Every structure is written in structure tokens, then in C-alpha cells.
1. If you go through the stretch B:167-181 one residue at a time, do you hit one that is touching a residue at least 24 places away in the same chain (Cβ under 8 Å) and touching a Pro at 6+ places or on another chain (Cβ under 7 Å)?
2. Consider the stretch B:205-240. How many of its residues are of a type in the set (S, T, N, Q) and touching a residue at least 40 places away in the same chain (Cβ under 8 Å)?
3. What is the one condition in (1) over 30 Å from B:L437 (Cβ atoms); (2) at pLDDT below 85 that B:L102 does not satisfy?
4. Which condition does A:A90 not pass, out of (1) at pLDDT below 90; (2) loosely packed, with under 14 Cβ neighbours inside 10 Å; (3) away from the ligand (no atom under 13 Å from the Cβ); (4) more than 10 Å from chain B (Cβ to nearest Cβ), if it passes all the others?
5. Can you tell me which of (1) crowded, with 20+ Cβ neighbours inside 10 Å; (2) at pLDDT below 95; (3) within 16 Å of the chain's Cα centre (by Cα) is the one B:V274 doesn't meet?
6. Within the stretch B:423-460, restricting attention to residues that are of a type in the set (F, W, Y) and more than 17 Å from the chain's Cα centre (by Cα), which residue is surrounded by the fewest Cβ atoms within 10 Å (Cβ to Cβ)?
7. Take the residues in the stretch A:54-87 that are of a type in the set (G, A, S) and open to solvent by less than 50 Å² (accessible area, probe 1.4 Å), then tell me which one is farthest from the other protein chains (Cβ to nearest Cβ).
8. Restricting to the stretch A:1-54, count the residues that are modelled with pLDDT under 85 and either more than 15 Å from the ligand (Cβ to nearest atom) or touching a strand residue (DSSP E or B) at 6+ places or on another chain (Cβ under 7 Å) (or both).
Amino acid sequence: MTDASPDTAADTDAGTGERDHDCPYCDRVFARADYRDLHLGLEHENLTDAEQAAFADAREAEEEALTIFRYKALGLLVVAYFLFLMAYAASL
Amino acid sequence: MTDATRRVARAVAALLAAALAVSALVGRALAHGGSIGQSAGRSLDVPTWLFLSTGGAVVGASFLLSTFATDRAFVSRIHAYRRALAAPRTDLFATAGRAIGLLGLATVVAVGYLGPSGPLQNASILVVWGGWWAGLAMSAYLFGNAWPVLDPWRTLASALPTRDRDPAAVLPVSVPWLSTVGLLGLFWIEIVSPLADAPRLLATVVVAYSVVALSGAFLFGDRYFEEVDPIARVFRLYGAVAPLTYDDGIQLRVPGSGLEADILDSRGEVAFVVALLWGTTYDGLVATPPWATSARAVVKVGVPATLLYPVALVVGFLAFYGGYLLCVRYGARFADTRRDDAEFVRRFAPSLLAIAAGYHVAHYLGYFLTLAPALVGALAAPFARGSVSTLVLPGWFGGLSLAFVLAGHLLAVWVAHGVGYELFPSRLQAVRSQYGLTAIMILYTMTSLWIVSRPYVAPPFVG
Ligand SMILES: [Zn+2]
């Protein structure tokens, strides 16, 4: 079981054609392989080298996506701030 | 400083700066929007829509800001923080608490029947509404839940025989739903009956409630208080918000961190939480001028006034509950997950308790402080018919209630953030899972800010 590469653990849901990604150590199922890899690194110990590497990759991709999200959130905050400032200025 | 802590420090600094900027805006809205503090005569007046959207935006912005706290270790450290407090002679305090509870029940019944009939002179009215439903409930979420010790029915029941049956096996309906219906019933009685003005009636209701509670305890033992009794459930849920917990000795924790745990077992318990939130909202809603106007219009058309209140209570509950289910389920789609919708519904619902606590304190703190001197006076001389002293609160106090409503929502956003991190391996998933929840929270905020900022008028057709 431990020498199985993560993707052979993936099943195909016959009904929807979507692939499920199982955790080999517990009963959790994930919609995406990188979610499963993150889960492995966060919740389980004694991972195989392949799992360790997959976790590191998923973690890095997650950080990048988070950085982009932060910029978007900041942009949204600034826009909201200015809209409110203008609304207040107009209503005074 | 490690990289992680520096990132956290930066995030916290950004959070504070933005919160200050936003609160500068809200501060102006609070000062000039709405009618609290009779600001109509001032030169600056913010239209209601802008005031409400500012309140909603504060909740939305705090959600965005919470997404900047991305250090898992930091988030879980805050939520898992516990500090044991030395508690000398807890047994002594518990015995004293039980005695106080019994004495309170005896006072409410005896003074209710025999004491003065003026509501502000009668200790029974003041103990129930000022001391218990306002004061003790506030202490449950601000400090910790003392009700299991004070609960006079639990104390009485512990001395009486019991059959110790399982409520779920005996009752033909779902126990948490029964409890939810009971809670809505209590809200209905509280609003439509003159219980706050008629001490004799209040004492009768308390006696009736005692009969129900003691029969329940006879059948189910302690499980009556743990599963069926709506009042014990309200206090237990409010206690989950509090910074003190008694599960394992007395422990200090960050307020709201008790809401992160999986504390609700079923859909019915989620319904109970929503009923608590809605009941507190409804309590405020029926005392607004627009409600009075529309209630009169509806009754004029021919709808009986006795039907109006319970129907509105149930319809509003269904709207709040349906809105919550819809938003959380719809929001779960953004998270791209294989987890069960039912799990999100259960796990995110406790965050609503922080909001309910915020509404409750907004609604009752002023009431409690106003009545506190009268309560003390009435307890000191329960059968005297002397003059009543109440506290006159300064005009700015009304503005505080808006701050409490917002504070409850901000705590709820933070709780939901922690729950999301616990449920999902990816932090972006966690953020996305909260889109729907944040939307319904913004709606709840705007509703309650609108209610709190209306002037008080006595509800028509009641009492
Ligand atoms: Zn696993």
C-alpha cells in the first residue's frame, strides 16, 4: 500500500466521470489530488518520499495561489473603501 | 523573528490598520445614522441605506481581512489556547450556587403572588427579566455558563427519584426539534403576554414551567436538562461563546474558540441555534415603528392579532433557517470538496452563536443596567411598596448597541475562518467555503443594525 503512487489510489466516479482522490491512511476523499497531498502532509506522519515531495509541491502551489488571492482581496478592500468614501462624500 | 511570525505580524498590522480605517467610517455612520441618541437635529445625516451597507461592508471586509491570517499554526494556536485557572473550593461555590438558585425560584414564586403589583417594585419581575434573562444570560457568554449549577429545577430533580429513560426512545418526535419548538414558544410567550408587567401571571408561568421541568426530569433524569429543556440548552450554547470553560477544571480560552469544535450533533440542533438568533432578532423587530405600522395594517385587513405574532415568528424563523441552509450549501460548491453538505451546516452553525450573543448584549445591556438599582432595591425589601430607582443611561449608550452587534459578527467571521481551516487541507478551499456564510452574515448584520437603530415603540396588540 505504501509503495502505491498517489494517483493509482484515485478512483473514477462512474456517475459523473469525476475522479476522487482517496487518502491511503484514512477514509477521507478529495476532489483534487493536490488537496489530498496537502491533507497527507498536514494530518499524517511517516509519509513515503513520493508523498513528501507531492506535499511540498502542493504546499508551494497553495502559497502561490494564496498570494494571488491576497492581492485580489486587498484590491477589493481598496475599491470598497473608495466607493464608501465617495458615497459618504456625496451624501453629506 | 521567523519568517512565519513576521508574516503573521505583518498580517495583524494590516488588519489593525484596515479595521481602524473602516471603523472611522462606521464611527461617523453610528454617530449620525439611525435615530439612536436623537441625532436628527444635527447637521450631518447619513441615509439609512448607506449606514446599513457600511455595517454589512464591515463584516465583508473583516472576512477579507481574516483571509490574510494564513499561518495554520498561528490560527490553531489561538483557537486551541487554554489556560487552567486555580479554583479553590469549587464544591463550596457549587453548593452556594445551588442554594442561590433555589432561593431565587422561591423568591420569584412567593413575591410574584404576594408582593407589590407594580412591575418595577416586584422582585419577581425584576429577578426573571432583569437578573436572569438579561443579566445571567449575558454572564453566560461574557464569562461562562453558571446555569447548570444555579438551575433550581436541576437541583430539585437531583433529590427526586427518576426513571432515567432515553428521551430519543420515548418521545415520538426529534428531541432537538422539540427543544427548538419549545424555544420559539418561550419567545412567543415572552413577547405577546404581559409577563413583564404582571407578577401574578409570571409566578403562575414559573410554576407551570417547574411542573414541566420536574416531570421531564422524573422521566429522563439529567438527560432532560441536557437534551430536552430549551432553557438549559440556550445557556449551554451561550456558554460555548464564553472565555471560561468548566469541562476540565476551570480553564481560560480565547472568546469564541469554543465554537470551533463540533458541538452540534444534528440538524435539529442547528435549527435551535438559528431559532435563538432569530428569536433575539424578533424580540427587537416587534418593538420598531415599521412593525407597528404594518401590524396595524395587517390587522385592519382582518387578520386576527393573536395569529399575527406566532405566524410572523415561525415565518421569520423559516426564513433565517432556510437562508442559512441555502447559503452554506451553495457556498460549499465554491470549496470543491467531497465532504457532506450536512457537515458544513453543522460545523459553521456555532459561529452564529457569537452573532446571537452580540444581538443579545445589544438588546439587553441597557435594559439590565437601567433595572439593576430597582432589582437591588426590590431584593432588599421584597414586600415594600416604596419608590423605585432606575439608572438613567447617557444618550451615547445607544450607539454602543450598534458596536455590540458588529462585534458579535466580527467574532463569528473569525470563528468561521478557524472552522474552515480545520475542515479543509487547502487554505483557499477554507476561504471559498465561507463565501455563502459571509453573505448570510452580511444580511443578518444589516437586518439587526436596522432594528437596533430604530426608536423603541411598544409592540401593538399585545399584553
Ligand atoms: Zn488521511
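The values are calculated or read from the model by the stated rules, or taken from the named source; none is laboratory data. In this text, all values refer to a predicted model and were calculated from it rather than measured experimentally. As a convention, Cβ positions derive from the backbone with ideal geometry for all residues, glycine included, and neighbour counts pool all protein chains shown. Areas reflect the complete protein model, heavy atoms only, side chains present, ligands, DNA and RNA absent. Shrake-Rupley method; radii C 1.70, N 1.55, O 1.52, S 1.80 Å.
1. Checked the stretch B:167-181: at least one residue is touching a residue at least 24 places away in the same chain (Cβ under 8 Å) and touching a Pro at 6+ places or on another chain (Cβ under 7 Å).
2. Final tally of qualifying residues: 1.
3. Tallying (1) over 30 Å from B:L437 (Cβ atoms); (2) at pLDDT below 85, B:L102 fails exactly one: (2).
4. Condition not satisfied by A:A90: (4).
5. Answer for B:V274: the failing condition is (2).
6. The qualifying residue surrounded by the fewest Cβ atoms within 10 Å (Cβ to Cβ) is B:Y456.
7. A:A54
8. Result for the stretch A:1-54: 16.
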